[in-house]
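Here's the structure, in structure tokens; my notes come after.
The values are calculated or read from the model by the stated rules, or taken from the named source; none is laboratory data. From a predicted model like this one, the values you see are computed outputs, not experimental measurements. Neighbour counts are summed over all protein chains in view; Cβ atoms, including those assigned to glycine, are modelled from backbone coordinates with ideal geometry.
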Amino acid sequence: MSKQYGFYVDSSYCSGCKTCQAACIDKNNLDRGVLWRRVYEVNEGGWKKVGNAWVPNVIAYNVSLSCNHCENPLCVKNCPTTAMHKDSRGIVTVDENKCIGCRYCEWSCPYGAPKYNEKKGVMSKCNLCADFIEEGKDPACVAACPMRVLEFGEMDALKKKYGSVNEVFPLPPGGITKPSVVIKPHKSEADVKSISAAINNREEV
Amino acid sequence: MEREKEDKGIITGSRRDFLKWGAFVGCAAAMFGGVAEAVKAVEDKTKPYIFADKVIRTGCPAHNCGGRCLLKVSVKEGKIIRIETDDRPGDSIEDPQLRACVRGRSYRNRQYHPDRLKYPMKRVGKRGEGKFERISWEEAINKVASEITRVKNKYGNSALYVPYGTGSYNQVNGRQTANRLLNMIGGSLGFYNSYSWACTNIATPYVYGTKVSGNQRQDWVNSKYIIMWSWNPCEMRDGTNSEYYLKKAKENGAKIICIDPRMTLSAVALADEWIPIRPGTDTAMMSAMAYVMIKENLYDSDFVKKYTVGFDSSLMPGGCEKEESYKDYILGTRDGIPKTPEWAEAITSVPKETIARIAREYATAKPAMLYQGYGIQRRAYGETAVIAGCVLASITGNVGIPGGWAGGIALQADDGGPFWNIFPEGDNPVNAKIPVFLWSEAVLRGKEMTAADGVIGAEKLDNNIKLIYAVASNALINQHANTNRSAKILSDESLVEFIVVHEQFMTPTAKFADILLPACTQFETWGLEDGWKYGDEVILMPQVVDAPYETKSDFAICSLVAEKLGVKEKYTEGRNEKEWIAYLIEEYRKTRFPDVPALKEFEESNIGVYSTPITKPHIAFADFRKDPVKHKLNTPSGKIEIFSRQLFEKNNPKEIPPVPKYIQEWESPFGKEADKYPLQVIGNHYLERVHSTHDNNAITNEAFPQRVFLNPVDAVKRGLKTGDKAKVYNDRGIMIIPCRVTSRIMPGVISIPQGAWWTPDENGIDRRGNVNVLTSERWTPLAFGTAQHTIMVQVEKA
Amino acid sequence: MRGTELALVFFTVIIQAAVGMTFFFGIAGSSAVWKNSLAANKIVSDKILYLICALFTLGLIISFLHLGNVKNAFYAFNNLKTSWLSREILFASMYGAFLFLFTFIYAKNLLSIPLQNIMLILSAAAGIVLVFVMARVYMIEFVPAWNSMFTPLNFYLTSFIAGGAVFIAAFSFLLNKYGMQGEQNILKIMSAALFLLILAGLIIWLLQILFLSNGGRGAVDSYNLFIQHNILLASVRIILLIAALILLASFYMGLKKGIVSVNYIYIASAAAVIAELAGRYIFYFIFAKIGV
């Protein structure tokens, strides 16, 4: 593979404002319920009454996630039709003309990237704004971020710049699919109990 | 299309001069390897999309969000098909890209919403029922003009009223167009102050003699310690890029503390520590911090002596030498209650150790910022919280220095010339003004209102409000306190006899119109905006698409009424919308922005924004700090007034103390009312919408659904879990909406984000979650401002 | 659960039942049932074969219901190299082809008996492989509730329990209808086998839930989904399976005394099939990923 593009996500400064999500929806004309990029809010912890005070032991952080265009994408491996494929730039996309809409890729992907298009009966997903990349622009989500926590680039360069952390909760271990993403964890990520209940905005993702 | 050429025009030679992006022409040129490369970069990034007919850079139709951002809009066949944001190269802290937020990027859903108002309509049902019938523009304008004439003749101009409203905020769209119209025919009852910042707007000058109390944001990176006190720039923006500047400050080593009952988006992204505090008790915590500083001698006594009055008995202003000083109050010399951290813990729910530690950290980390958000002052005694924060800034010597922060309203541009809506309203021959929050009082009992009700410009009002001309305003029903009360008042046709509304959607306020006129959106007319509170930019908003159906700009609608009233020439001065924008740019050139390009050049450049990089950020009170004798403050003493003689003379020490004191709110967890209604509600800003604008936007709704947020402690007691329908109520109203259980809000406090469109069912129960069905119309003592956050409720499973 | 997954519940159970029935058909055949009074029994055996074919066809039709875009269905063979789903479709096709071919030559009595037997063995073998491939489809790396040996084990158990139940019910019905006696031996063997299979199925299923509750991330999520949403359905499944066990035992005891209580068999079979459908519903319902 000649190239592998990917994302850098600085979870430590992500506010969860979802501008990336909206920019993605606008760029790709996505229907409601189809979020190629979405933001997971991790939140857990409790409160204790100490004296007259309520004392929190609460953690919260956000992870903005689209498709990680994995080096070994399970969605591609498991797709019965080869509609899901990886191109020479490392971009994983769906060929709508081949897809049967069995949604097996949706089960397979541990990042929730493939999304079903109800209208067309086929799968859809982040294509890294391939047209923007061709024009030399950043993907819509990256260019949108008011906090500048998203970056796009070739994985080698991103890894050199930001290291190789690619598995913060709620993401799975990265060993199997080798996601093309580098993440800077939020300070409270280390304290999360890693159960799915800790994703507190289920209805939004 | 004409504009297609214009978009490409960016790359032609003559216009390069206007690439006044000093960021790289000046200091950062080296970084980019020179102007040629920079321009090349612009060219590469600004090629029109093949799929679009034209690409236009324009200001985001910002409403009243606190941000002023840039959009890059692609249009095909007269329709907006894509919205991007600022893509100027060289995104630097001196001149950062003005990146739009989730609302701006979701705008197409609002723009092409099927519920857009399309035609003029007249009411056919009972007022407020929402039943309308399509009529012609002619009929509509005739009716509006004749009603204005009738009411004017019968009662006089002071019975006419243009209410607060910020749905459109861009010169030729917005409320100011109606003010100008009425001013041409003899004026109307005016108002002062705002819903956003009534208390800080009034209180800040009592301390500092000015509202320009903010350093420019580029200075924040110089701070070592930043307290975001009830301040949440990630969700309410408070200036495009404020959150980004804080990130830069943190990267520069600043420690950031967030004091807020909610663990806000800002707390998560920016704060090293989140300290939940019981709403309405901020002054108590601030007082206890002062106690620690005084007891441990951590305050800046030199600064206090040189620059302030009223701190202790030796520094009292003339004539008040015997009065209780700030130190007296803090140490409890007179009332016998030392304002210790223990004392404050019981009130604020913040552990005493935490209060003491924050006091020490803030007092010793120099320079440090205590940034007060406006949430703490939309409360019962909001004025005192504002002043208390200013006092802490003063006694720690953080006023007038880089990296410090004086607090208060923290404007930057007031004295520099006109800002925001500079469309000339003309002089209002009616001198009387009411506090904006008291309009419903002026409907019910205007003729009884005097200075005691905050009336200025006249001894008393000579009329009740009889005609309301509402433009881009959902404040009448939705955003004003106590919605059920407002609805009852306005549905009584014997009180307000005629209501005309310009709107883009059938908002709860629009439903109370007698005549409802369809306004176009900002993309459909011309506009101009400058940076919001912060930011020295001018943003051009060219008309991007045609106004659809029979919609018109607010200016065009008012022009029609003006014509009917025989003042068309006077009203329009012969200008259309675009020509007004050209005129207003010239106004800016004469004042704040001498170098802003004239309209033609500005438009042809298609850059959308004129900005100047800030390399030497302005520091508020720097002159005063340098020489307090030569550069006196505009206060009676010429110094920072910790004790205000003016407030002392109000002779209402229980509600308007001359030094900032904690006062228990009129609805409080410590009052009797808590037996029945034990939970405090905060109606915080929410990224789903801008106040009530965008509440019908499906994209923002999906991202941020309207919920009542409550703590697991409170939820478990009530058998509530995430997704359950919760009934929230008090004596003023009831709502039933789904809840979200989250540990990100403190026990005893629930959050119902403000701005959801009031949607009463047949029993009057709001099903959408408009917090104002619960809020109170009672106003604050000094500013006559809103105290909408001071309410208590009960929650149960619906 | 989405409607499309409900389609998968029926599709998988029906296809697996068909495979199980094919297998039982072979056992019955090898135990020479069909050869006793061949002329009369052929009516029965033909009808059972038709039933298997009908079930397979039904399953096939239902399988299409979970596709969003049927017109591309042909492409589903494209990725035999790496996709178990592609392979499933291949083996389902093979099994179907063998099954129909065998049914044709058997019903028409074409070819020799050994050749017929070879066809039957091929059908059964394809079916057995199919069930394994089906199980592999669900053994997704990030779905711990599915990614274990419990999945093939359960799928085979479903095959033999649901297949066996339908087979024994149909067999009893036909024997009863055509008034044939003297096949009590095979009924005895089959009811005993079914009893043991159901007992094993129940134990293994409970073991699996126990394993889930002690598993890691994902597994625990599945367990929580089960506890929060499936307790009622799980109880129904357990009660049905126990009822089937009791009825089968009673039936077996009756046979020993020469009493053929076909109604016991009908009810037991229905209970077993419904229990298997419930089990499969739960299988899909507790889907939870390591990840998001």
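Structural remarks
- Candidate set: the range A:167-183, residues that are touching a residue at least 24 places away in the same chain (Cβ under 8 Å) and within 12 Å of another protein chain (Cβ to nearest Cβ); chosen: the one farthest from C:A288 (Cα to Cα): A:P179
- Of all residues making up the range B:512-545, the number that are small (G, A, S) and under 19 Å from the mean Cα position of the chain (by Cα): 2
- Output for the range A:72-93, where each listed residue is among the aliphatic types (A, V, I, L, M), crowded, with 24+ Cβ neighbours inside 10 Å and in contact with a Pro (Cβ under 9 Å, 6 or more places away or on another chain): A:M84, A:V92
Residues are listed down the side, and each one gets a yes or a no for (1) closer than 30 Å to A:S15 by Cβ; (2) more than 14 Å from chain A (Cβ to nearest Cβ); (3) at pLDDT below 95; (4) in contact with a helix residue (DSSP H, G or I) (Cβ under 8 Å, 6 or more places away or on another chain):
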position: B:Q754; (1), (2), (3), (4): yes, yes, no, yes
position: B:W758; (1), (2), (3), (4): yes, yes, no, yes
position: B:N763; (1), (2), (3), (4): no, yes, no, no
position: B:R767; (1), (2), (3), (4): yes, yes, no, no
position: B:V771; (1), (2), (3), (4): yes, yes, no, no
position: B:E777; (1), (2), (3), (4): no, yes, no, yes
position: B:A787; (1), (2), (3), (4): yes, yes, no, yes
position: B:T790; (1), (2), (3), (4): yes, yes, no, no
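Table: residues versus (1) over 22 Å from B:A269 (Cα atoms); (2) touching a Pro at 6+ places or on another chain (Cβ under 6 Å); (3) surrounded by fewer than 20 Cβ atoms within 10 Å (Cβ to Cβ); (4) at pLDDT 95 or above.
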residue: A:E134; (1), (2), (3), (4): yes, no, yes, no
residue: A:C141; (1), (2), (3), (4): no, no, no, yes
residue: A:C145; (1), (2), (3), (4): no, no, no, yes
residue: A:Y162; (1), (2), (3), (4): no, no, yes, yes
residue: A:E167; (1), (2), (3), (4): no, yes, yes, no
residue: A:K178; (1), (2), (3), (4): yes, no, yes, yes
residue: A:H186; (1), (2), (3), (4): no, no, no, yes
residue: A:V192; (1), (2), (3), (4): no, no, no, no
residue: A:A198; (1), (2), (3), (4): no, no, yes, no
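- Residue identified as polar (S, T, N, Q) and under 30 Å from A:N200 (Cβ atoms) among B:N697, B:N634: B:N697
- Count of residues meeting criterion [surrounded by 24 or more Cβ atoms within 10 Å (Cβ to Cβ) and more than 14 Å from every other protein chain (Cβ to nearest Cβ)] in the range B:344-372: 7
- Elements of type helices (runs of 4 or more DSSP H) contained in the range B:240-319, each with 1 or more residues being more than 11 Å from every other protein chain (Cβ to nearest Cβ): B:242-251, B:282-295, B:301-307
- For the range B:358-380, the count of residues that are more than 30 Å from B:V567 (Cβ to Cβ) and without any contact (Cβ under 8 Å) to a residue 60 or more places away in the chain is zero.
- Any hit, the range A:151-163, residues being more than 8 Å from every other protein chain (Cβ to nearest Cβ), in a loop (DSSP other than H, G, I, E, B), touching a residue at least 12 places away in the same chain (Cβ under 8 Å) and over 29 Å from B:G239 (Cβ atoms): yes
- Per-region count, the range A:174-200, residues part of a loop (DSSP other than H, G, I, E, B) and either within 21 Å of C:A219 (Cα to Cα) or over 16 Å from the mean Cα position of the chain (by Cα) (or both): 9
- Some residue of the range C:209-218 being within 30 Å of A:V63 (Cβ to Cβ), in contact with a Lys or Arg (Cβ under 7 Å, 6 or more places away or on another chain) and buried (at least 18 other Cβ atoms within 10 Å of the Cβ): yes
- Single unsatisfied condition, A:K115 versus (1) more than 10 Å from chain C (Cβ to nearest Cβ); (2) charged (D, E, K, R); (3) within 20 Å of A:A144 (Cα to Cα): (3)
- Subset of the range C:262-292 [within 14 Å of chain A (Cβ to nearest Cβ), surrounded by fewer than 24 Cβ atoms within 10 Å (Cβ to Cβ) and assigned to a helix (DSSP H, G or I)]: C:Y284, C:F285
- Residues that are hydroxyl-bearing (S, T, Y) and more than 13 Å from C:I198 (Cβ to Cβ) within the range C:226-283 comprise C:S235, C:S250, C:S261, C:Y264, C:Y266, C:Y281, listed in sequence order.
- For the range B:263-277, the set of residues classified as under 16 Å from B:P669 (Cα atoms) and either surrounded by fewer than 24 Cβ atoms within 10 Å (Cβ to Cβ) or under 20 Å from the mean Cα position of the chain (by Cα) (or both) is empty.
- Taking the criterion of being within 13 Å of chain A (Cβ to nearest Cβ) and at positive phi, the only residue of the range B:712-739 that qualifies is B:G723.
- Consider the range B:615-666 and keep the residues that are aromatic (F, W, Y) and not in a loop (DSSP other than H, G, I, E, B). The one that is farthest from B:C69 (Cα to Cα) is B:F648.
- Boolean, A:E44 is more than 12 Å from chain C (Cβ to nearest Cβ) and in contact with an Asp or Glu (Cβ under 9 Å, 6 or more places away or on another chain): yes
- Inter-residue pairs, beta-carbon under 8 Å, first within 9 Å of chain A (Cβ to nearest Cβ) and in the range B:94-108, second in a loop (DSSP other than H, G, I, E, B) and of a type in the set (F, W, Y), 6+ apart: B:V102/B:F704
- C:Q228 being within 14 Å of chain A (Cβ to nearest Cβ) and more than 30 Å from A:G175 (Cβ to Cβ): yes
- Positions within the range C:60-114 being among the polar types (S, T, N, Q), assigned to a loop (DSSP other than H, G, I, E, B) and within 14 Å of another protein chain (Cβ to nearest Cβ), in sequence order: C:N69, C:N78, C:N79, C:T82, C:S83
- Flag if A:R32 is touching a helix residue (DSSP H, G or I) at 6+ places or on another chain (Cβ under 8 Å), closer than 30 Å to B:N109 by Cβ and free of Cβ contacts under 8 Å to residues at least 12 places away in the same chain: yes
For every residue, the table says whether it meets (1) under 24 Å from B:W229 (Cα atoms); (2) without any contact (Cβ under 8 Å) to a residue 24 or more places away in the chain; (3) of a type outside the set (D, E, K, R).
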{"residue": "B:Y291", "(1), (2), (3)": "yes, no, yes"}
{"residue": "B:D300", "(1), (2), (3)": "yes, no, no"}
{"residue": "B:S314", "(1), (2), (3)": "no, yes, yes"}
{"residue": "B:C320", "(1), (2), (3)": "no, no, yes"}
{"residue": "B:E323", "(1), (2), (3)": "no, no, no"}
{"residue": "B:T340", "(1), (2), (3)": "yes, no, yes"}
{"residue": "B:T348", "(1), (2), (3)": "yes, no, yes"}
